[in-house]
Every structure is written in structure tokens, then in C-alpha cells.
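Here the structure comes first, spelled out in C-alpha cells, and everything after it is commentary.
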Amino acid sequence: MSEDRKAQRRTIEATKACRRLMEDHFRELDEAARTGSRKIAWCTSVGPAELLRGMGFLVYFPENHGAMLGATRMATELIPYANAIGYSPDICSYLTADIGSYLRKKTPLTRAYGIESVPRPDVLVFNTNQCRDVQDWFAWYARELGVPLVGVHTHRDIGPIRSFQIKDIAKQIEELVPLLEEITGERFDIDRLKEAVGLSRRTSELWRACLESAAAVPSPWTFFDATILMGPAVVARGTREAVDFYEVLLAELKERIHQGIAAVEGERHRLYWEGMPVWGKLRALSEQLAELGACVVASTYCNSWIFDQLDPERPFESMAQAYTELFIVRDEAYKEEYITRCHELFRFDGMIFHDAKTCPNNSNNRYGMPERLARKLGVPALTINGDLNDLRCYSEEQTRTNIEAFIEQLDEGA
Ligand code: SF4
């Protein structure tokens with residue numbers, strides 16, 4: 001692509017507000033960790049964040065830090081330090097990069113905000129709905145820092161959801177309350193929880209609307225924009241700030257649609273991205289695809305932060321429902337049906353499956369799904385080999401060549 005063409009890519013204005021929100025988030029946590037002014041809970045990305053906020057905790061998400069380690073390309077250098085203490089190079093590279101970061105006392109927060117280290121937790125709270133790695137990850141910190149570890153153990157590989165599953169998870173979330181009360185020293189207040197659940201739901205509704213704006217032709221934004229702008233949905237759901245941010249973003253996306261502004265000029269192909277992002281290669285992939293006239297309009301990954309089942313009137317049960325109905329928790333048949341519905345909405349003409357070496361949980365190419373979906377939808381699929389964070393598993397040259405050939409194939413079929 002010529003430099004002229006690259007220069008025409010329009011930045012989404014709301015990105016500035018997103019950066020400010022993320023900075024405020026980390027500064028608030030840093031201040032609380034240094035002064036002890038608020039209790040801090042570490043939470044897995046699809047853990048019970050609303051409960052923690054509703055009980056007055058500030059919430060920190062190590063997976064978000066893991067993604068930052070990947071995006072800044074610090075991960076590949078740090079992973080071997082976790083390997084050296086027994087954590088295999090084959091397990092989650094968020095986990096290994098994050099533990100390596102702790103061991104080496106290096107964090108991207110220093111360069112971004114002048115913050116020396118991630119905030120020390122008062123409690124670690126996981127939900128195994130996405131994988132077992134998160135539990136082992138937090139268990140390491142529990143031993144290292146002498147901090148209580150609690151969590152929710154979710155049913156996995158679920159087809160239709162059964163009521164006993166929801167009841168079980170709701171009960172597990174409710175049972176966290178007494179321990180969390182001991183840590184905060186405050187009585188649980190159901191109204192504060194309802195407020196957090198309500199804000200989280202509103203965040204989700206807005207986030208969904210933002211993502212679904214990509215159904216417009218041409219699409220006003222891409223998966224690569226969304227992976228950055230989803231930061232507030234991950235770290236700030238359950239807060240007013242997240243709601244305010246997504247109202248601004250949605251208005252901008254609607255305005256783009258109104259004006260016919262395309263994220264990828266001359267959009268010729270619309271793609272679905274299945275699996276994790278390759279954090280250290282977002283820019284390269286985004287530029288290559290834009291150069292080829294291909295816009296990634298939808299992804300399972302960004303959709304994973306839509307929790308609009310949340311209902312403030314049924315806080316525990318609706319949290320259980322939102323965190324159990326999640327794509328990653330479901331069986332193959334459900335996942336195929338889900339992607340089929342995405343196809344109906346976004347009308348993509350190609351699918352890219354990312355086989356992330358260290359995340360089998362979010363790599364859905366391994367049991368024939370791309371082939372089955374390609375036949376069912378009449379849409380070609382490409383699998384690329386790589387990883388979310390460990391760039392030693394990723395060949396840039398190979399991927400570029402494969403993508404080029406794939407887009408040629410789409411051109412021929414167009
Ligand atoms: S789902 Fe994958 S990337 Fe996320 S924590 Fe688990 S193993 Fe890591």
C-alpha cells in the first residue's frame with residue numbers, strides 16, 4: 001500500500017475518550033493501591049465484576065494487562081521467565097506473559113502512564129467459564145502474595161442451558177458475598193449491586209449496538225478498531241463512565257454510517273474473525289486487509305463482552321445467565337448456530353479462524369468447524385496459525401501469503 005493510501009485511514013474520534021478512560025482506570029487503581037483508600041479485587045474478564053463493584057471494590061483485570069503485554073510486544077520476551085518456574089510454553093500466553101512481567105518487574109503501564117507496577121490485590125476472583133488457566137493464574141498470585149482466592153466453577157461445553165446450571169452458578173456467586181464482606185468490612189447492599197448490574201447491562205446494550213453498526217455496507221469500523229475500543233467494556237462495565245463512553249462511540253459510528261464513511265475505502269470483502277486477536281500484529285493485519293479491500297466486520301471475540309441478559313431485578317440469577325450463555329462456554333453445535341446468525345446479520349463473504357497455539361479454549365478450528373461452516377454458509381474459511389501473545393508461534397510471512405491467496409480466492413468467487 002502506498003503511504004498516501006495509508007494516510008487516508010480515518011481515526012475514530014472516540015479513541016481519545018477511550019484512552020482517557022483507560023488512563024483514569026489505571027490511575028485510580030494505582031492511587032488506591034498506594035494509599036489503601038479502596039479495596040482492590042482482581043477479576044477474570046468474564047468474572048462477577050458487577051458483584052465486586054456493587055460491594056465497593058475497584059476492579060483490575062489481569063487479562064487486560066496480558067493483552068497490553070501482547071500489544072506492546074513485551075510478552076514474547078517475558079514468557080520464558082514464567083516457563084522457567086514451571087509454567088509451560090503451551091499454556092495461556094496471557095498467563096505466562098503476566099507472570100513473567102511480575103517476575104521481571106516490567107509492565108507496559110510504566111511507559112503508558114508512569115505507573116510502576118500493577119495494583120496489589122486484596123482478593124482474587126475467577127470464573128472458570130472461559131478456561132481453567134485463569135484459576136491457575138490467580139492461584140499463583142494467591143501463593144506469591146498471600147491473598148485470598150475465590151471463584152466460580154462453571155459448567156462447560158453446554159448446549160441448551162438448563163435451569164439447574166443457572167441456579168448453581170447464581171448460588172456460587174452469592175456464596176462469595178460473606179468472604180468479600182470480610183475483606184471490605186462493609187455489609188452487602190443489594191441496591192448497590194442492582195445499580196452495578198444496571199450499568200453493566202446498559203454498557204452491554206450500547207456495546208452490542210456499536211458492534212452491530214458494522215452490519216452497514218460499507219462498515220463504519222473494523223474488528224481491529226473494536227479490539228481497542230472494547231477496553232472500557234472489559235475494565236469499566238458496571239460504571240457510569242463506560243455507559244457515557246459507549247454513547248459517544250455509538251453516536252460517532254451512526255454518523256459515519258449516515259455520511260457513508262467506510263472504515264476500509266472501497267470495501268470489497270467483508271470478513272468474520274473467529275478466535276483471539278494476534279495482539280502484537282493488529283496494525284500489520286489491519287493494514288494488509290485494508291490494502292486488499294477487506295474489512296473484518298464481526299468477531300466472536302468482541303461479541304464476548306455483550307452481557308445484555310443482565311437484569312438489575314434478578315442480579316445473581318441474571319449474572320449467572322450472562323456468564324453461562326457465553327459463546328466460549330457452549331458446545332460446537334451452539335457455536336456453529338451462533339456464527340450462522342452472525343452471517344445473517346453481517347453478510348460476510350469470508351471467515352478467518354485464528355488457531356492460537358496457547359488458547360485451545362478460544363480456537364474453534366480444531367474439530368472441523370471451519371470446513372462445516374464453509375459448506376453450510378457457502379463462505380470460504382482460512383485458518384491462520386499464531387498466538388494471542390507469543391509471537392514465536394506466528395510467522396508474519398506465512399500469514400501474509402495465506403491472506404493474500406485467500407483474498408484472491410474471494411475475488412475470483414465474487
Ligand atoms: S480463554 Fe484463552 S486467552 Fe483467555 S485466559 Fe483462557 S487460555 Fe488465556
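Compute the separation of the alpha-carbon centres of segment 151-217 and segment 92-109 and state it in Å as a whole number. Using only Cα atoms, the two centres lie 27 Å from each other.
Work out how much length Arg143 to Thr340 would gain on full extension: take 0.36 nm times their residue separation and subtract the Cα-Cα distance, in nm to one decimal. Provide the component values of the computation, followed by the final result.
Numbers: separation 197, 0.36 × 197 = 70.92 nm, distance 4.36 nm.
Extra length available between Arg143 and Thr340 comes to 66.6 nm.
Using a/c under 1.5 as the rounded threshold, could you call segment 1-151 rounded, prolate or oblate? The axes a ≥ b ≥ c are square roots of the C-alpha gyration tensor eigenvalues, and prolate needs a/b larger than b/c, oblate otherwise. It comes out oblate by the Cα gyration axes. Let me make sure I get this right: for segment 218-293, a, b and c are the square roots of the gyration tensor eigenvalues over alpha carbons, sorted descending. Under 1.5 in a/c it's rounded, otherwise prolate if a/b > b/c, else oblate. Which is it? Oblate shape, in that a/c is at least 1.5 and b/c is the bigger or equal ratio. Lys194: which lysines have alpha carbons under 28 Å from its alpha carbon, excluding same-chain residues fewer than 8 sequence positions away? Output for Lys194: Lys39, Lys167, Lys171.
By other beta-carbon atoms within 10 Å, ranking Ile161, Ile306 with the fewest at the front produces Ile161, Ile306.
Potential lengthening of the chain between Arg314 and Glu371 amounts to 16.5 nm, from the contour at 0.36 nm per residue minus the alpha-carbon distance.
Work out the FRET efficiency for Glu182 and Glu408 from their Cβ-Cβ distance, taking R0 = 51 Å, and round it to the nearest 0.05.
On the way: r = 61 Å, r/R0 = 1.20.
For Glu182 and Glu408, the calculated efficiency is 0.25.
Going by neighbour counts of Cβ atoms within 10 Å, the residues Lys39, Lys171, Lys105 line up, fewest first, as Lys105, Lys171, Lys39. With the simple model of a label 7 Å out from the Cα in the direction of the Cβ, Arg34 to Arg392 spans 3.6 nm. Using a cutoff of 8 angstrom between alpha carbon atoms and counting only pairs six or more residues apart, the relative contact order for the chain works out to 19 percent. Close amide H pairs (under 5 Å, H built 1.01 Å from N) link Val152 with Phe126, Asn127, Thr128, residues at least 5 positions away or on another chain.
For the chain, adding -39500 (n - 2.57) for each run of n ≥ 4 DSSP H residues and dividing by the number of residues yields -16500 deg cm²/dmol at 222 nm.
Going by how many other Cβ atoms sit within 10 Å of their own, how do Val379, Val297 line up, fewest first? Could the numbers behind the result be given before it?
Details: Val379 21, Val297 31.
Going from least to most buried by this count: Val379, Val297.
Projected label points at Ala209 and Tyr113, each 7 Å from Cα along the beta carbon direction, are separated by 2.8 nanometres. Annotation for Arg132 and His258: the two label points, set 7 Å from Cα along the Cα-Cβ direction, are 5.2 nm apart. From the square roots a ≥ b ≥ c of the eigenvalues of the alpha-carbon gyration tensor of segment 316-414, which class results: rounded (a/c under 1.5), prolate (a/b over b/c), or oblate? Note, shape of segment 316-414 comes out oblate.
Cross-link partners for Lys357 among the lysines, with Cα-Cα distance under 17 Å and sequence neighbours closer than 8 places in the same chain left out: Lys281.
None of the figures in this text is laboratory data; all of them are computed from the coordinates on show. In this text, all values refer to a predicted model and were calculated from it rather than measured experimentally. For neighbour counting, all protein chains shown are included, and Cβ atoms are generated from backbone atoms with ideal geometry for every residue, glycine included.
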